[in-house]
Amino acid sequence: MKPTPSAITFLLLLGASYWAFLASTPAYREDSGRPESEFSTDRAMKHVQRISEAPHAVGFPAHTTVRDYLVRTLEDMGLEPQLQSGYTAGDWGNLSRAENILARIPGSKNTGALLLLSHYDSNPHSSFGASDAGSGVATILEGLRAFLSGGKSPKNDIIILITDAEELGLNGADLFVNSHPWAQDVGLVLNFEARGSGGPSYMFVETNRGNAKMIEAFTEADPDFPVANSLVYSIYKMLPNDTDLTVFREDADIEGFNFAFIDDHFDYHTALDTAPRLDPQSLAHQGAYLMPLLTYFSQSDLSDLKSLNEYVYFNVPLFKLVSYPFEWIWPMMVLTGVLFLFILAYGIRKGRLKFKGMALGTGPMLLSLVIAGVTGYGAWPMLKKLYPAYGDMLHGFSYNGYLYIAAFSSLALGVCFWVYSRFRKTSLQDLLAAPLLLWLVVCGLLAGYLPGGGFFLIPVIAAILSWMILIVQDKPNPYLLVLLCVPALWIFTPFIKMLPVGLGLKMLVTSSLLCVLIFFLALPVVGSYRNKGRFALAGGVVFAAFFLGAHMGSDFTEATPKPSSLLYVNNLDTDQAFWATYEKVPSGWTTAYLGDDPQPPAPSLNTLSSKYSTGFSFTSPAPMKPVPEPEITILSDTVIGGDRRVSLRIEARRNINRLEVFTGDTPLREAVVNGLSLSDYYLEHRRSGKLVTHYVSDNDPTELLLRFPEGSPLELTVYEASNDLLNNPAFSVPPRPDHLLPMPFVLNDAVLLIKSLRFE
């Protein structure tokens, strides 16, 4: 039996959608034998393996091992690396002693140094840091080696900066930008990062002005697989973190490009961030950016990258990066609006459009949006009720998250087919009027409030042309209509996956709604299907299949371990000790210490800072253990001019990793920590009374100088933590089972002491 036009066109639509994903990254093949002057993913992966042999956060033993390896590697290239060391606290009040690694290649006619940037510290406490950011460091090392092997002589200086303590608050970048003389020479930064362990690497621009010259230069450099659009930076700013490049932009007005992949987000900052789980295709994509950009920007004029003009930009297969000025947005909007009205008037005059039919067309449009929006909005809360342990994945993205995206996207499409199958008597051209008008309203709002999304108008223009063809012709060519659907599929389908991956499964609602909006633009093709009911049924069946697959993969296994946490907490002020956990659904390994009836924690125990403001879930009494308490020495306590000045030193009498100090609501007029003054802005806006978190190296003491109003009582609460619960000789906590891993983003596997000191 011959395939029907409906089947053929539907397969073509699916193929075009798949192409949008397939064309985004270079294919990986074993390439260790590539010429020395070319980037090799396999050679870069060897660096990743060496960097990620053990967790190497600031203060961890492997941190020094990784630093020394990187220094030796740069020396082997004939460079003269140097270290920059010093205390910084960034903008987050996270103090650390950072050790940046730097090297410089002089250029023949320098117009500003090109800085290659990534960081070598892993996230405390258990991340191996293969992707974040061992992949970035390895990309720079391999790319630089290939560049130098080719015998190229740069016109511009090339600075290699591998920062430290990025995970603690961009501290290494802060140290370089604000303290190193080379910072004033930098003309452009290329920063390589990761927020997962796979997927395409997204490019986004960081600049304080317009992006026009940056995008023009990027386009001239001509990387083969650009994945970028002018909405990505807006999405990036919604994420709860910045990158090192942010410091360059904010503190020194230096432009740059970020490159980061975000798929497999569940590996981010966990013990799963290992070399075997890093997708080599993502590493190859980073190299595909670096090599042409390194060649181009090492030779071009870096003093001419600032601009007041903005470009809309987006990538599509075949055409790479497409861009045009913001000034085109409103003229394009007006012309498109005029085209819509002209076709509308023409259709009404010729009797091809009916007022009643167009009014009826608002019904399926609104019904599809409401049903898909409600199901998408309720999806993640429903999933967390069905599978409560998902709440312990603080990323908000479960291991089977891709199946949920596919499931609810299929459901949304099935809903659209079902709804529109109920409106067979309304002509297709009438049904199209309301969705196209809706899309014009959406594009108008973007033009006014988020002009970076101006490229959304291009698929709408194609859909309006399809509408015109339907009005003019009785039997339009279905394959021409498919061709006019391609811009919508190439531009919008990647967002269906990107948004919930990057922002968590709470964004399933955006996937559902976007599927409906794409369906509207594909109506010229799918609206003509006589068997919409079958497609609706197929959508429901596919939804059930993906949901069943997700259910079968909902258990935690060795390959998909459940986040778990356990801490020993000793409040030295009350002589009480507790076991504590952040788990909402405690594992058996945890309940062996918490017991079968753990209790909610006292409010005072939930003061500790964490990335997502996560607090303890349960506590249970624990035996007192002989853990040496910190020694607090008052160095001075004076009153001068109505201000009380207190100086003190906090010294650990055991090996610790972190010390956190809270001062409550007492207004502080000055705070100096280990000789570093905390900014007035930070002191005014600090949250929960936190003064500083000191990530300790070599058991350094913490020295404080505090100035506050005379007569104001001040209570210091000190939280001293070591990440050694599982190997501390005072305890006998067994290793985690293979189906568990340390929960990221919180203090974990820690022995925590709490001690207060009050100044009346």
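The values are calculated or read from the model by the stated rules, or taken from the named source; none is laboratory data. Just so we're clear, the structure is a prediction, and the values are computed from it rather than from any experiment. Please note: Cβ atoms are built from the backbone with ideal geometry, for glycine as well, and neighbour counts cover all protein chains shown.
Numerical summary
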quantity	calculated
Cβ-Cβ under 8 Å pairs, at least 6 apart or on other chains, the range 155-169 side over 14 Å from H56 (Cα atoms) and not assigned by TED's automatic domain parsing to the domain that holds D185, far side buried (at least 24 other Cβ atoms within 10 Å of the Cβ) and at pLDDT below 95	none
Qualifying residues in the range 188-206 (those that are in contact with a Leu (Cβ under 8 Å, 6 or more places away or on another chain) and either free of Cβ contacts under 8 Å to residues at least 40 places away in the same chain or not in a strand (DSSP E or B) (or both)) - the one nearest to H119 (Cα to Cα)	R195
Within the range 44-71, considering residues that are among the basic types (K, R) and out of contact with any helix residue (DSSP H, G or I) (no Cβ under 6 Å at 6 or more places or on another chain), the one surrounded by the fewest Cβ atoms within 10 Å (Cβ to Cβ)	K46
Filter pass, V419 being β-branched (V, I, T), out of contact with any strand residue (DSSP E or B) (no Cβ under 7 Å at 6 or more places or on another chain), modelled with pLDDT of 95 or more and surrounded by 23 or more Cβ atoms within 10 Å (Cβ to Cβ)	yes
Of all residues in the range 17-43 being among the hydroxyl-bearing types (S, T, Y) and farther than 18 Å from S131 by Cβ, the one that is surrounded by the fewest Cβ atoms within 10 Å (Cβ to Cβ)	S32
The range 246-260, residues that are of a type in the set (D, E, K, R) and out of contact with any Leu (no Cβ under 9 Å at 6 or more places or on another chain)	R249, E250, D251, D253
Test: M382 is crowded, with 18+ Cβ neighbours inside 10 Å and assigned to a helix (DSSP H, G or I)	no
Y593 vs. criteria within 32 Å of the chain's Cα centre (by Cα) and either under 30 Å from L272 (Cβ atoms) or surrounded by fewer than 15 Cβ atoms within 10 Å (Cβ to Cβ) (or both)	no
Which listed residue, of K532, K584, K611, is in the same structural domain as K384 (by TED's automatic domain parsing), touching a residue at least 12 places away in the same chain (Cβ under 8 Å) and among the basic types (K, R)	K532
Residues located in the range 644-655, provided they are out of contact with any His (no Cβ under 9 Å at 6 or more places or on another chain) and either surrounded by fewer than 14 Cβ atoms within 10 Å (Cβ to Cβ) or under 30 Å from N728 (Cα atoms) (or both)	L648, R649, E651, A652, R653, R654, N655
Where L386 falls short, out of the listed (1) over 30 Å from G198 (Cβ atoms); (2) without any contact (Cβ under 8 Å) to a residue 24 or more places away in the chain	(1)
Within the range 649-760, strands (runs of 3 or more DSSP E) holding 1 or more residues that are within 30 Å of the chain's Cα centre (by Cα)	658-662, 690-695, 714-722, 740-742, 750-759
Among the candidates Y682, Y719, residue that is among the hydroxyl-bearing types (S, T, Y), under 25 Å from N123 (Cα atoms) and modelled with pLDDT under 95	Y682
Unmet criterion (only one of (1) touching a residue at least 24 places away in the same chain (Cβ under 8 Å); (2) farther than 30 Å from K425 by Cβ; (3) not assigned by TED's automatic domain parsing to the domain that holds Y719) for F495	(1)
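Residues checked against (1) farther than 26 Å from K611 by Cβ; (2) in contact with a Phe, Trp or Tyr (Cβ under 8 Å, 6 or more places away or on another chain):
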{"site": "T336", "(1), (2)": "yes, no"}
{"site": "F340", "(1), (2)": "yes, no"}
{"site": "K354", "(1), (2)": "yes, no"}
{"site": "M365", "(1), (2)": "yes, yes"}
{"site": "W380", "(1), (2)": "no, no"}
{"site": "L383", "(1), (2)": "no, yes"}
{"site": "G401", "(1), (2)": "no, yes"}
